[in-house]
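Remarks on the structure that follows.
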Amino acid sequence: MEKQLLSRLTLQDTHIVETIAKLQRRISERFPDSGLQHLCGELLEVGRSASQRSQEIGRPIRRIRFASYLLLAGLIGSLVVLIFSIAQPTTTDLSSDDMKLPNLIAMADSSSQVMLLLSAGIYFLISLETRLKRRRALTAIHELRSICHIIDMHQLTKDPERVLANFRGTDNSPRQKMTPLELNRYLDYCSEMLSLTGKIAALYVKNFDDAASVAAVSEVEQLSTGLSRKIWQKIMILNQSVGTTTPTRNPNPQ
């Protein structure tokens, strides 16, 4: 029962990919061969690769783990040899009482140095695995941060006042050929893409609990949320403007 509950609460990469694919089809139906459609297609490819890359990041690096186990076995073996040598002094040249203490000190010093080196090697290999995974995760998360800014560039010139009948642009004003409904859907699609970008970022820390990677994912989520909030402010202004200027328009378009 508990496993079923955890599986339902775990972020599923397949569902994210399916949602992005469905969003791309919706965009292509309303805005065929548009830049936003192609961008959503790229986001779909990023989502698919994120599914594989997140699983690879979550897996242990076996070569590093194997080397760590060898060093750990060497550390345990050195400790056993040291204990055995101290417990069995008659098997060594420690039988003389005059030489017992100096030899014990020398043996303990050399053994401690060996164990210290082995411990440092184990720590290095463990931290090396974390650093390699962190570098992969941060590289992938940086790509998602760039995608958020590209999505924002697509909606940057989509201002609500440009669809109003009394709007008069200049020679350098962006050309706007969308109806209020189309602009509403365009902005909404951008908001959905930003939200899904944040969900893709969360995949990279699903099986990799690293503080630096989690912080980078949080930054991407905050960025996508902030940009989406800006888009929804435009949608609210658009709905209010259309509602006051064209009251005969269907308020609930499909």
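Any read-out appearing in this document is the output of simple, stated calculations on the displayed coordinates, not a laboratory observation. All of these numbers come straight from a predicted model, not from anything done at the bench.
Computed values, structure above
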| read-out | value |
| --- | --- |
| Added length on full extension, which subtracts the Cα-Cα distance from 0.36 nm per residue, I76 to S119 | 14.5 nm |
| Table column - 3J(HN,Hα) (Hz), region 214-223, Karplus curve with 6.51, -1.76, 1.60, x for Gly and Pro | 4, 5, 5, 5, 4, 5, 5, 5, 5, 5 |
| Radius of gyration and maximum dimension Dmax of region 186-231, Cα, Å | 11.4, 36 |
